[in-house]
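Contents: one structure, followed by commentary.
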Amino acid sequence: METIGLSNGEWKLMHVLWESAPCTITQLVELLRDDTGWGKHTIITMLTRLEKKGAVTHKEGGRAKLFYPAVERSDTQLQETRNFLSRLYGGSLELMVSTMMQEESLSQKEIEELYTILKKAKEEQKDV
């Protein structure tokens with residue numbers, strides 16, 4: 001699967017579409033207003049870019065276009081995570097976790113969450 005490469009603003013718009021699709025431009029402006037302050041023209045520009053990237057699609061609906069996500073949230077998050085690991089840590093999850101531990105940026109709760117995730121992954125490996 002090809003990496004889409006979403007900007008921070010595009011992520012905000014995509015999260016709204018994943019939660020609320022289909023949406024018109026007017027609805028997107030309203031849903032994003034408090035968080036971003038974006039107007040209609042900003043939303044249109046972002047939707048145009050997202051359609052070119054293959055992340056969004058639309059259908060003609062009555063008087064306004066209806067916009068939908070063209071990619072799954074989980075697939076896009078996985079792509080972005082892999083891209084992040086590759087850019088910052090050469091693809092090494094071990095190096096990322098090691099760096100975070102050296103910087104003492106992992107709380108006890110986060111360490112326990114990581115342990116739970118790894119334990120679950122190990123159990124799933126046994127089932128395969």
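Name all residues of the stretch 76-97 having a backbone nitrogen under 14 Å from the label point set 7 Å from the Cα of Ala21 along its Cα→Cβ direction, giving them as ranges.
Output list for this probe position: 76-77.
Taking Lys12 as the anchor, which lysines have their alpha carbon closer than 20 Å to its alpha carbon, excluding any fewer than eight residues away along the same chain?
Lys40, Lys52, Lys53, Lys65
When the helix-only estimate is applied to the chain (DSSP H runs of n ≥ 4, each -39,500 (n - 2.57), divided by the residue count), what is the mean residue ellipticity at 222 nm, nearest 500 deg cm²/dmol? Kindly include the intermediate steps, with their values, before the conclusion.
Working: 6 runs with 86 residues, N = 128.
Using -39500 (n - 2.57) per qualifying helix, the result is -22000 deg cm²/dmol.
Relative contact order for the chain using alpha-carbon pairs under 8 Å, separation at least 6, rounded to a whole percent?
The normalised contact order for the chain reaches 22 percent.
How long are the semi-axes of the equivalent ellipsoid of the chain, taking √(5λ) for every eigenvalue λ of the Cα gyration tensor, in whole Å from largest down?
Equivalent ellipsoid semi-axes, largest first: 35, 17, 15 Å.
Would you mind getting me the FRET efficiency between Ser107 and Arg73? Use the beta-carbon distance for r and R0 = 30 Å, nearest 0.05.
Details: r = 26 Å, r/R0 = 0.86.
E between Ser107 and Arg73, to the nearest 0.05, is 0.70.
If the elastic network links every pair of Cα atoms under 10 Å, which of Glu112, Glu94, Glu51 fluctuates the most in the Gaussian network model of the chain?
In the Gaussian network model the winner is Glu112.
Based on the mean of other Cβ atoms within 10 Å per residue, sort peptides 59-72, 6-19 so the most packed one is first. Could you put the intermediate results ahead of the total?
Working: 59-72: 13.6, 6-19: 16.4.
In descending order of packing, they fall as 6-19, 59-72.
Taking K and R as +1 and D and E as -1, what net charge do the other residues with C-beta under 11 Å from the C-beta of Tyr68 add up to? Intermediate results must be reported in sequence, preceding the final value.
On the way: positive: Lys59, Lys65; negative: Glu51.
After counting each charged neighbour, the total is +1.
Could you give the length gained on full extension between Lys122 and Glu60, defined as 0.36 nm per residue of separation minus the Cα-Cα distance, in nm? Kindly include the intermediate steps, with their values, before the conclusion.
Details: separation 62, 0.36 × 62 = 22.32 nm, distance 4.68 nm.
Difference between extended and current length: 17.6 nm.
For the chain, with all protein chains present and a 1.4 Å probe, just round the carbon and sulfur fraction of the accessible area to a whole percent.
Details: 4740 of 9300 Å².
Answer for the chain is 51 percent, counting heavy atoms of protein chains only.
Order Arg82, Arg73 by their accessible area, 1.4 angstrom probe, all chains in place, largest first.
Numbers: Arg82 155, Arg73 65 Å².
Ranked from most to least accessible, the order is Arg82, Arg73.
The values are calculated or read from the model by the stated rules, or taken from the named source; none is laboratory data. Note that the structure is predicted; figures quoted are calculated from it, not measured. Here Cβ is always computed from backbone atoms with ideal geometry, including for glycine, and neighbour counts include all displayed protein chains. For accessibility, only protein heavy atoms count, side chains too; no ligands or nucleic acids. Shrake-Rupley method; radii C 1.70, N 1.55, O 1.52, S 1.80 Å.
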